[in-house]
1. For the pair residue 349 and residue 271, what calculated FRET efficiency results from E = 1/(1 + (r/R0)^6), where r is the Cβ-Cβ distance and R0 = 60 Å, to the nearest 0.05?
2. Cut-off is 10 Å between beta-carbons; in what order do 506, 516 appear when sorted fewest neighbours first?
3. Compute the distance from the alpha-carbon center of the stretch 183-253 to that of the stretch 558-596, in whole Å.
4. Can you tell me the FRET efficiency between residue 279 and residue 215 if r is taken as the Cβ-Cβ distance and R0 is 30 Å, rounded to the nearest 0.05?
5. Using a Förster radius of 56 Å, what is the FRET efficiency between residue 230 and residue 438 based on their Cβ-Cβ separation? Nearest 0.05, please.
6. Taking only the C-alpha atoms, wrap a convex hull around the stretch 191-305 and report its volume per residue in Å³ as a whole number.
7. Full extension from residue 545 to residue 514: what is 0.36 nm times the residue separation minus their Cα-Cα distance, to one decimal in nm?
8. Can you list, largest first and rounded to whole Å, the semi-axes you get for the chain by taking the square root of 5 times each eigenvalue of its Cα gyration tensor?
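Coordinate-derived values only; no laboratory data. Because the structure is predicted, anything quoted here is derived from the model rather than measured. Here the Cβ is made from the backbone with ideal geometry for all residues, glycine too, and neighbour counts use every protein chain on show.
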């Protein structure tokens, strides 16, 4: 006899065959009546098990007061929504006072940004989320602060200050090796630039040591020379070509208005050895006095006042790198102690976890140093958590974004959890190739690497996040593939992360700015979205009425419905949420098959990564108890027919 599975068996068979997602009801749902001969459902857990974390950008998630900025109260107002997709934790983008909308250049680690709310709002969120068995994790930035942070300002103002030891300056000694990713930047105390009319005269009689004389001028500024045979430029806010006034002299009068100074260039667009400036110990301009220029990396800005300091930044000039001294004793540094005190404040408030940004750059890709530091940091935070009566161990996940899983694996010596970027790289590759038969074995390989360094590792699996092109883009904006990716994520071992908008099928790429992968949630068909923080960089062609939460909640075939159904299954069945994975030999190269087992409960997971509809002879496994499915799944005499990009989970 042929059987077709759906929500209430025959009542919904038609919907199943048209490719809609389904979950069989479990006994803890008060709205679902008991079904005869389905006592197997009593094995479903009555505890929220999924381990799902929802990553949200506070500034673009939900706006509670209509000012265009997402805020903490907006999150609290939508806890039911987050609960409906199985969230057991929320990862909030940085909430501290910062220089930018995204919050990663922190000005005050002890504060809540006034744009996002208050400490009282955060406490309220923590309390109301806890009532729904949802923890709150904060994004915490240990690699760098913002350059407007008072610590950095004090470090620049007084080299003898303790805060000078918080950052990486040219005289910094110890285990920090510059040159891994970033570069040296200049910072000023007082004004380095100039506002007014200046005359520039360049003498190139000695081509290797040209001399520049700057004088204050009156009259009018000149426009740039249009004679392209002249190769000398004054660079202020752009490159302006000088005029040839003699065999080896070039001159121009310009209106200068900037805060950093000027340079000379011998090419309008190229830098490197085409840049000419002051030597490190002779930057200050004296009007009327020729200054001999040097070129290339040793050329510094010619400045007009104040003082300048060099500092190291792994990312950009707004983010000076923090320094913790010799890594073996990092916890003894004042920098560590100050940041730990800030973390203590949030942990004492009830924050249950931290996501650590850019951890491989704390000691510039020195794995041993980073791991040692992270272990000290985790132990400190975990001791604070336990001292306040926290249940179990404090959760902490690192963004150890390395070239491959093998290079990332040692970070498990320092942290209990790390993001598995390689999971998504593998999944999108296999979906693109229509090949699923080695997926489970690849996941097991990753876990074997992690287990070498921590036996109780927590594999933080994900599709994409706020720094990557959206999963929908990577999958060609093919909704069927997006649903498959969701189903695979939520039936894989580990701790799944769902990124804001992923559950709605959002697309976006970083080509025109990171904002386009950090789009606001469209809650209602006709309502506005919290887009003020994104400076107008919002794809309104994507944020239509049909992609809204309101529309997708009413659509049985929506991407949102797949996330909700598979999350519900993961929350209900302990084997699916907490089980050990075991690869099962696939009878078809397009199909991924594996088992998940935990405390006497086992489920069989089947996903078709291809467009065909293979019939799988799974006669050695039970196929009469379908927990959840997506797409078209039919069973006849133990053989399972899988429609394109379909998924199914059977209780064994």
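1. Computed FRET efficiency for residue 271 and residue 349 comes out at 0.80.
2. 516, 506
3. Taking the Cα centre of the stretch 558-596 as reference, the centre of the stretch 183-253 is 66 Å away.
4. 0.90
5. That pair, residue 230 with residue 438, gives E of 0.35.
6. Taking only Cα atoms, the stretch 191-305 has a hull volume of 97 Å³ per residue.
7. Length difference between fully extended and current span is 8.8 nm.
8. 55, 27, 23
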